[in-house]
Amino acid sequence: MPRPVPGPGALVWYIQTGDRDARITYRDLPEKERLEYRDTVNRVYANAIAHHFGEAPDDDEIDDLIERLAERHPQYAGGINIVLRSLVERSRRLISPRQTLTAKHLIIREIAKLHPGFRERADQIVEEASRHPLPAGVQEEAAASALNASFSGVDPERVVSLMIGLDCSLVSIELLRGAERMGGRSIAACIVRAWVIAERQRWSHAKLLGMYDSIPEPGSGATRGDRFLSEAYSPSRLVRATVDPYGRLRSVTFMRNGLFGDDGRYGLAAEIRMAIDGAQAALKASL
C-alpha cells in the first residue's frame, strides 16, 4: 500500500487502521502545514478524551487507559503517562513536542478501538477538527487578512517594541531610544513584557479564527509545569533566547557585558532577533 498523503487524510487512516506510516507522515509537511496539523490533532485528541471519559475523568479511568497503552506501546509509555496524567495533575518531567504529538496519536487510536462509533466517524471528526468555520459576522476577506496580521507589544517602560504573527513567529523587534542607558537584565525583562502584551492580542484573534488556537491562554497557568524549552544563541553568542513548546518567548539572556557595539541599539536588536528566530526554528524542527 502506498504511503498515505500527509495531512488530515493520513490522520483518518491512522485512526481507522493504526498504520504507523499514517501516524508519522505529517513530518513530511511544510512547516506551516505541520503546525496546522498539530492543532488538528489537538482538537481530535480533545474530542477523543471527551468521548471516552466524559466531562470529568477520574484517576482510576486514566490509570486503566495508561496501563492498556503501556502494555501495547511500552516504548512510548513515558510520554503517554505524562500526557494522560496532565488531565488531572501537572507533570515536571520533560517531554518534547514530537513526543507529545506521538502520545496523542496513540491515545486517539486506542480510544477509537474501544469505541467503534468513534472509529467509524473518524473522517467526520477529523474534517471538523481541520475546518476553520468563520464566526458569525466575520467575512472571508477579513479572515484572510487576519491570518497575515501582526500583533504589537510595547513594554510599560517603552524600551522595546515588537510584533508577532498569528503563529507566534517574531515579525519585528526594536529597541527604543533610551535602551542604551539600561542594563541587560532590565532590557531582557522589557522584551518579555512586550511579548506578553502582543501574545494576549494574538491569542484572542487565534481563538476567533480557529487557527493556531491550541496554545493555552496567557496567564491561565496551563503551562506552569511545562519544562520543555527550546533555546538558541545569536551568531556572536551575545544573546540566548528561550521559547516554550508553543514558540512563545520565555526569556532573553545576555551572555556578557558591553551590549552595544558600533551599531548601538539597532545592532543589539538584530542579535536578539536572530536568537529568537533560532529558538523558534529549533522548536518547529522538533515537531
Looking for something without any contact (Cβ under 8 Å) to a residue 24 or more places away in the chain and among the hydroxyl-bearing types (Ser, Thr, Tyr) - is there at least one such residue anywhere in segment 213-220? yes
Members of segment 125-165 found to be modelled with pLDDT under 65 and not in a helix (DSSP H, G or I), listed by number: His132, Pro133, Leu134, Pro135, Ala136, Gly137, Val138, Gln139
Extreme residue, farthest from the chain's Cα centre (by Cα), among residues of segment 155-181 that are within 25 Å of Leu208 (Cα to Cα) and small (Gly, Ala, Ser): Ser161
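Conditions (1) in contact with a Lys or Arg (Cβ under 7 Å, 6 or more places away or on another chain); (2) not in a loop (DSSP other than H, G, I, E, B), marked per residue:
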| position | (1), (2) |
| --- | --- |
| Ile15 | yes, yes |
| Arg27 | no, yes |
| Tyr37 | no, yes |
| Gln75 | no, yes |
| Ile82 | yes, yes |
| Val88 | no, no |
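Are any residues in segment 247-267 under 26 Å from Pro218 (Cβ atoms) and either free of Cβ contacts under 8 Å to residues at least 40 places away in the same chain or open to solvent by less than 60 Å² (accessible area, probe 1.4 Å) (or both), and if so, which ones?
Gly247, Arg248, Leu249, Ser251, Val252, Thr253, Phe254
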Here are the criteria: (1) surrounded by fewer than 16 Cβ atoms within 10 Å (Cβ to Cβ); (2) within 22 Å of the chain's Cα centre (by Cα); (3) in a loop (DSSP other than H, G, I, E, B). Tell me which single one Glu55 does not satisfy. (2)
State the number of residues belonging to segment 161-211 that are farther than 30 Å from Ala129 by Cβ and of a type in the set (A, V, I, L, M). 13
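The values are calculated or read from the model by the stated rules, or taken from the named source; none is laboratory data. Bear in mind that the values here come from a model prediction, so they are computed numbers and not experimental data. Cβ sites come from the backbone with ideal geometry, for glycine too, and all protein chains shown count toward neighbours. Quick note on the areas: whole protein, heavy atoms, side chains included, nothing else; ligands and nucleic acids left out. Shrake-Rupley method; radii C 1.70, N 1.55, O 1.52, S 1.80 Å.
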